[in-house]
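The values are calculated or read from the model by the stated rules, or taken from the named source; none is laboratory data. Computed from a predicted model, the values in this text were never measured in an experiment. Reconstructed Cβ throughout: ideal geometry from the backbone, glycine too, with neighbour counts over all protein chains shown.
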Amino acid sequence: MKHNKKGDCETESKKIAVLFPGIGYTCDKPLLYYTGKLCREKGYKVVPVPYGNFPKNVKGDASKMKQAFLSAADQAEEILKETEWTACEEIVFVGKSIGTAAAAGYAKNHSLSVRNILFTPLEETFHYTIDEGIAFHGTSDPWADTDEIRTACEKQDIPLFLTEHANHSLETGNVETDIKILQDTIERVRRFIMRQE
(Lines give C-alpha, C1' and ligand atoms only; values in the text may rest on other atoms or scores of the structure.)
Protein backbone atom coordinates (compact mmCIF):
# COMPACT_ATOMS: atom_id res chain seq x y z
CA MET A 1 0.00 0.00 0.00
CA LYS A 2 1.42 3.37 -0.95
CA HIS A 3 1.92 5.99 1.71
CA ASN A 4 -1.20 8.00 2.16
CA LYS A 5 -1.62 11.72 2.65
CA LYS A 6 -2.94 12.74 6.05
CA GLY A 7 -6.67 12.12 6.21
CA ASP A 8 -6.94 10.72 2.69
CA CYS A 9 -9.57 7.97 2.27
CA GLU A 10 -8.41 6.69 -1.11
CA THR A 11 -6.12 3.81 -0.18
CA GLU A 12 -7.17 3.13 3.38
CA SER A 13 -10.58 2.91 4.99
CA LYS A 14 -13.45 4.59 3.17
CA LYS A 15 -14.58 5.78 6.60
CA ILE A 16 -13.00 8.65 8.48
CA ALA A 17 -13.51 9.97 12.01
CA VAL A 18 -12.07 13.39 12.81
CA LEU A 19 -11.49 14.39 16.44
CA PHE A 20 -11.97 18.08 17.24
CA PRO A 21 -10.82 18.61 20.85
CA GLY A 22 -11.70 21.33 23.30
CA ILE A 23 -9.57 24.16 24.64
CA GLY A 24 -8.11 22.07 27.45
CA TYR A 25 -9.67 18.73 26.63
CA THR A 26 -7.18 17.08 24.26
CA CYS A 27 -7.53 13.92 22.17
CA ASP A 28 -5.82 11.81 24.85
CA LYS A 29 -8.53 12.54 27.45
CA PRO A 30 -11.19 9.87 28.07
CA LEU A 31 -14.15 10.88 25.87
CA LEU A 32 -12.03 11.49 22.77
CA TYR A 33 -9.46 8.76 23.48
CA TYR A 34 -12.03 5.99 23.79
CA THR A 35 -14.21 7.28 20.97
CA GLY A 36 -11.15 7.34 18.71
CA LYS A 37 -10.22 3.83 19.81
CA LEU A 38 -13.78 2.64 19.16
CA CYS A 39 -13.80 4.22 15.70
CA ARG A 40 -10.54 2.45 14.81
CA GLU A 41 -12.05 -0.86 15.92
CA LYS A 42 -15.01 -0.20 13.61
CA GLY A 43 -12.80 0.42 10.60
CA TYR A 44 -12.51 4.21 10.61
CA LYS A 45 -9.34 6.09 9.83
CA VAL A 46 -9.04 8.38 12.87
CA VAL A 47 -7.60 11.86 12.32
CA PRO A 48 -7.02 14.05 15.38
CA VAL A 49 -6.99 17.83 14.96
CA PRO A 50 -4.40 18.85 17.60
CA TYR A 51 -4.91 22.58 17.60
CA GLY A 52 -3.93 24.82 20.47
CA ASN A 53 -2.54 28.24 21.41
CA PHE A 54 -5.88 29.57 22.63
CA PRO A 55 -6.31 32.78 24.63
CA LYS A 56 -6.40 32.39 28.40
CA ASN A 57 -9.52 32.82 30.56
CA VAL A 58 -11.97 32.21 27.74
CA LYS A 59 -14.96 31.13 29.85
CA GLY A 60 -17.53 33.90 30.17
CA ASP A 61 -15.69 36.24 27.80
CA ALA A 62 -17.58 36.45 24.49
CA SER A 63 -14.72 38.19 22.70
CA LYS A 64 -12.14 35.59 23.75
CA MET A 65 -14.58 32.79 22.93
CA LYS A 66 -14.97 34.12 19.40
CA GLN A 67 -11.19 34.48 19.11
CA ALA A 68 -10.73 30.88 20.30
CA PHE A 69 -13.33 29.59 17.84
CA LEU A 70 -11.73 31.42 14.90
CA SER A 71 -8.32 30.09 15.94
CA ALA A 72 -9.65 26.52 16.13
CA ALA A 73 -11.37 26.89 12.75
CA ASP A 74 -8.22 28.26 11.08
CA GLN A 75 -6.04 25.52 12.55
CA ALA A 76 -8.53 22.82 11.48
CA GLU A 77 -8.43 24.16 7.91
CA GLU A 78 -4.64 23.90 7.88
CA ILE A 79 -4.47 20.45 9.53
CA LEU A 80 -7.15 18.94 7.25
CA LYS A 81 -6.18 20.71 4.02
CA GLU A 82 -4.93 17.55 2.28
CA THR A 83 -7.97 15.43 3.12
CA GLU A 84 -9.70 13.98 0.06
CA TRP A 85 -13.27 14.17 1.35
CA THR A 86 -14.80 12.94 -1.92
CA ALA A 87 -13.08 9.58 -1.41
CA CYS A 88 -14.77 9.10 1.98
CA GLU A 89 -18.00 7.12 2.06
CA GLU A 90 -18.65 7.85 5.74
CA ILE A 91 -17.53 10.89 7.74
CA VAL A 92 -17.90 11.22 11.50
CA PHE A 93 -16.89 14.41 13.30
CA VAL A 94 -16.27 13.97 17.02
CA GLY A 95 -16.24 17.33 18.79
CA LYS A 96 -15.62 18.34 22.39
CA SER A 97 -16.73 21.74 23.66
CA ILE A 98 -15.43 24.42 21.27
CA GLY A 99 -14.48 21.54 18.97
CA THR A 100 -18.17 20.89 18.34
CA ALA A 101 -18.51 24.41 16.92
CA ALA A 102 -15.29 24.12 14.91
CA ALA A 103 -16.49 20.80 13.46
CA ALA A 104 -19.92 22.17 12.55
CA GLY A 105 -18.36 25.22 10.92
CA TYR A 106 -15.88 23.10 8.98
CA ALA A 107 -18.64 20.80 7.70
CA LYS A 108 -20.67 23.79 6.50
CA ASN A 109 -17.70 25.51 4.85
CA HIS A 110 -16.85 22.35 2.91
CA SER A 111 -20.46 21.26 2.22
CA LEU A 112 -19.83 17.90 3.87
CA SER A 113 -22.47 15.40 4.91
CA VAL A 114 -21.27 14.46 8.37
CA ARG A 115 -22.50 12.42 11.33
CA ASN A 116 -21.69 14.35 14.50
CA ILE A 117 -20.84 13.26 18.02
CA LEU A 118 -21.17 16.36 20.20
CA PHE A 119 -19.49 16.08 23.60
CA THR A 120 -20.54 19.00 25.85
CA PRO A 121 -21.42 21.32 22.95
CA LEU A 122 -21.52 25.07 23.36
CA GLU A 123 -24.47 27.23 22.39
CA GLU A 124 -22.39 28.54 19.46
CA THR A 125 -22.35 25.05 17.97
CA PHE A 126 -26.02 25.30 17.10
CA HIS A 127 -25.56 28.44 15.03
CA TYR A 128 -24.86 25.82 12.35
CA THR A 129 -27.22 23.18 11.04
CA ILE A 130 -26.19 19.74 12.30
CA ASP A 131 -27.09 17.12 9.67
CA GLU A 132 -27.18 14.14 11.98
CA GLY A 133 -25.80 13.67 15.44
CA ILE A 134 -26.02 12.92 19.12
CA ALA A 135 -25.12 15.23 21.99
CA PHE A 136 -23.93 14.76 25.57
CA HIS A 137 -24.23 17.41 28.28
CA GLY A 138 -23.77 17.55 32.04
CA THR A 139 -26.32 19.51 34.05
CA SER A 140 -23.53 21.13 36.11
CA ASP A 141 -21.59 22.27 33.05
CA PRO A 142 -20.47 25.87 33.70
CA TRP A 143 -19.75 26.47 29.99
CA ALA A 144 -23.27 25.91 28.66
CA ASP A 145 -26.80 26.33 30.00
CA THR A 146 -28.73 23.08 30.15
CA ASP A 147 -32.06 24.56 29.02
CA GLU A 148 -30.43 26.30 26.06
CA ILE A 149 -28.63 23.14 24.98
CA ARG A 150 -31.85 21.13 25.36
CA THR A 151 -33.82 23.64 23.28
CA ALA A 152 -31.12 23.80 20.58
CA CYS A 153 -31.01 20.01 20.29
CA GLU A 154 -34.80 19.80 20.10
CA LYS A 155 -34.89 22.39 17.29
CA GLN A 156 -32.42 20.35 15.25
CA ASP A 157 -33.84 16.96 16.24
CA ILE A 158 -30.59 15.85 17.86
CA PRO A 159 -30.87 13.24 20.62
CA LEU A 160 -29.45 14.72 23.84
CA PHE A 161 -28.12 12.60 26.67
CA LEU A 162 -28.08 14.53 29.94
CA THR A 163 -25.88 13.48 32.85
CA GLU A 164 -27.07 14.82 36.18
CA HIS A 165 -24.50 16.75 38.22
CA ALA A 166 -21.76 16.24 35.62
CA ASN A 167 -19.39 19.05 34.65
CA HIS A 168 -17.87 20.09 31.31
CA SER A 169 -15.87 16.85 31.21
CA LEU A 170 -18.99 14.76 31.95
CA GLU A 171 -17.53 14.03 35.38
CA THR A 172 -18.92 14.41 38.89
CA GLY A 173 -15.78 14.05 41.00
CA ASN A 174 -16.66 10.52 42.17
CA VAL A 175 -14.35 8.04 40.45
CA GLU A 176 -16.77 5.09 40.34
CA THR A 177 -19.60 7.31 39.10
CA ASP A 178 -17.37 8.88 36.46
CA ILE A 179 -16.22 5.49 35.14
CA LYS A 180 -19.86 4.43 34.82
CA ILE A 181 -20.73 7.69 33.01
CA LEU A 182 -17.84 7.11 30.60
CA GLN A 183 -18.91 3.51 30.01
CA ASP A 184 -22.52 4.49 29.32
CA THR A 185 -21.45 7.36 27.06
CA ILE A 186 -19.11 5.24 24.95
CA GLU A 187 -21.82 2.57 24.62
CA ARG A 188 -24.21 5.21 23.24
CA VAL A 189 -21.45 6.38 20.89
CA ARG A 190 -20.92 2.79 19.75
CA ARG A 191 -24.61 2.39 18.99
CA PHE A 192 -24.60 5.66 17.06
CA ILE A 193 -21.55 4.67 15.02
CA MET A 194 -23.08 1.24 14.29
CA ARG A 195 -26.45 2.89 13.50
CA GLN A 196 -28.18 0.99 16.29
CA GLU A 197 -29.94 3.98 17.86
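Below is a table of values for the structure above.
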item: Cross-chain or 6+ apart pairs with Cβ under 9 Å, the stretch 53-70 first and at positive phi, then assigned to a helix (DSSP H, G or I) and among the basic types (Lys, Arg); result: Asn57/Lys64
item: Top-ranked residue of the stretch 31-49 - restricted to ones that are of a type outside the set (Gly, Ala, Ser) and in contact with a Ser or Thr (Cβ under 8 Å, 6 or more places away or on another chain), ranked as farthest from Arg190 (Cα to Cα); result: Val47
item: Residues of the stretch 120-176 satisfying the condition of being surrounded by 20 or more Cβ atoms within 10 Å (Cβ to Cβ) and among the basic types (Lys, Arg); result: none
item: Pair list, Cβ < 7 Å and 6+ apart or interchain, from the stretch 146-172 residues that are of a type in the set (Val, Ile, Thr) to residues that are in a helix (DSSP H, G or I) and modelled with pLDDT of 95 or more; result: Thr163/Ile181; Thr172/Asp178
item: Whichever residue in the stretch 164-193 is in a loop (DSSP other than H, G, I, E, B) and among the polar types (S, T, N, Q) and, among such residues, is farthest from Ser140 (Cα to Cα); result: Asn174
item: Considering residues of the stretch 108-161 that are of a type in the set (Phe, Trp, Tyr) and in a strand (DSSP E or B) only, the residue farthest from Thr83 (Cα to Cα); result: Phe161
